Amino acid sequence: MIKTFFATLAGSLIALAMPFAVAEPIVIKFAHVVTDDTPKGRGTLQFQKLVQERLAGQVKVEVYPNSSLVGDADELEALRSNKVQLLAPSVSKLNALAKPLRVYDLPFLFDNIEAVKRFQRRDKSRELLGSLVSHNITGLGYWNNGGRQLSATREIHTPADLKGLTFRVESSEVLAAYYQQLGAEAVKLPFAQVYDALRTGKVQGAENPWSNLLGQKINSVQPYIVEDNHSFLTYMLITNTTFWNGLPFQIRSELEAILDEVTQSVNRDAEAINAKARERVVAANTSRILVPTPAEREAWRTAVAPLLKRYESEVGSDVLRAAEAANRR
Ligand code: LMR
């Protein structure tokens, strides 16, 4: 009898407490393929920290670096099926879905990272953030890493030096076409396989910004690095459209404000992070760094110039002209 009384009392108390029970936080899984100590890695951690500070109890961000949850091969499918909610893949990995994004892979198009950033702020590039909506993917912003540097097992000065070598590229037709145009081979491999492919000799070369070279210890298996900045590694911060639009308005607005803040920090700090990584590669003394002379650079540019013509119709003349104009301020 007493037992029943207490059981009923406990039941009533639980029922009374129910309206005040705290709802479970919304979980945002943010997956990526690089280390924490890269522009993207730091950006994801800053996002996690700011969400923890400003939306505690309402949103929880889980960060999965280094292909630990999903990698290049399955991350887009994971986003579309809402197993992860945020990714920041290289634009090169998205440009089979939206061809104008190929503008970012065209070689020697941007003079420097400042030109890339100017282009990203302009309408033509902002419009491209919406180019994946038919795939239920929304672009939320651009994060930059840095210039792609060519690395190889042999000394390279001219396009002819590439003959007989195979280079790992991201899953982009344009990046592969770059090496084919120069008389070399290209294979598309997920980022998580790059180090092993170089170590085992499956490929003899690659192209990476300094932070990724260091993060994956690529310099330890590449005795030559050509600092040519032949294109720039840009990420698109993407989410699942249904998930994002379904968020309560106030939470989505706060997340967008946080992402804007993080985007600014990532793009402000990317160059310094790459410069530091370069210093560490130099200090490791694993590789000779070759800086092309202006004449060598011009020879490369001329050799691959036909690619700009070849891809102009896919990219769109308006987008290409806007990218070129960003070099002139
Ligand atoms: C690559 O595959 O080389 C890069 O896109 C990796 C990354 O996310 O920086």
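In whole angstrom, the chain maps to an equivalent ellipsoid with semi-axes of 44, 22, 17, each derived as √(5λ) from the alpha carbon gyration tensor and ordered largest first.
Our helix-only sum for the chain, with -39,500 (n - 2.57) per DSSP H run of n ≥ 4 divided by its residues, gives a mean residue ellipticity at 222 nm of -14000 deg cm²/dmol. From the alpha carbon centroid of the range 77-100 to that of the range 284-321 is 25 Å. Taking amide H as placed 1.01 Å from N in the peptide plane, Leu290 has its amide H under 5 Å from the amide H of Ile225, Val226, Glu227, each at least 5 places away in sequence or on another chain. Between Gly146, Gly215, Gly164, the GNM of the chain built on Cα springs shorter than 10 angstrom shows Gly164 fluctuating the most.
Across the range 75-89, coupling constants 3J(HN,Hα) worked out from phi with the 6.51/-1.76/1.60 Karplus curve, θ = phi - 60°, read 6, 5, 5, 5, 5, 5, 9, 6, 7, 10, 10, 9, 9, 9, x Hz, and Gly and Pro carry x. Build a GNM of the chain with springs between Cα atoms under 10 Å apart, and of Arg148, Arg280, Arg168 the one that fluctuates most is Arg280.
Computed over every Cα-Cα pair of the range 44-116 and binned at 5 Å starting from 0, the pair-distance distribution P(r) comes out as 3, 13, 17, 17, 16, 16, 12, 5, 1, 0 percent. Among the DSSP helices (H) of the chain, those spanning at least 15 angstrom by Cα along their long axis with an average Kyte-Doolittle hydropathy of 0.0 or more are 2-17; this is a geometric and hydropathy rule only.
Near Tyr64, the amide H atoms lying under 5 Å from its own belong to Phe30, Ala31, His32; only residues 5 or more places off or on other chains count, and H is placed 1.01 Å from N. Compared with the rule-of-thumb size 2.2 N^0.38 Å for a compact globular protein, the range 246-329 has a Cα radius of gyration ratio of 1.70. Straight-line reach from Lys163: taking Cα to Cα under 20 Å and skipping same-chain neighbours fewer than 8 places apart, the lysines in range are Lys188, Lys202. The Cβ shell under 12 Å around Ile289 holds other residues with a net charge of -2, Lys and Arg each +1, Asp and Glu each -1.
Coordinate-derived values only; no laboratory data. All of these numbers come straight from a predicted model, not from anything done at the bench. Cβ: placed from backbone, ideal geometry, glycine included. Neighbour counts: every protein chain shown.
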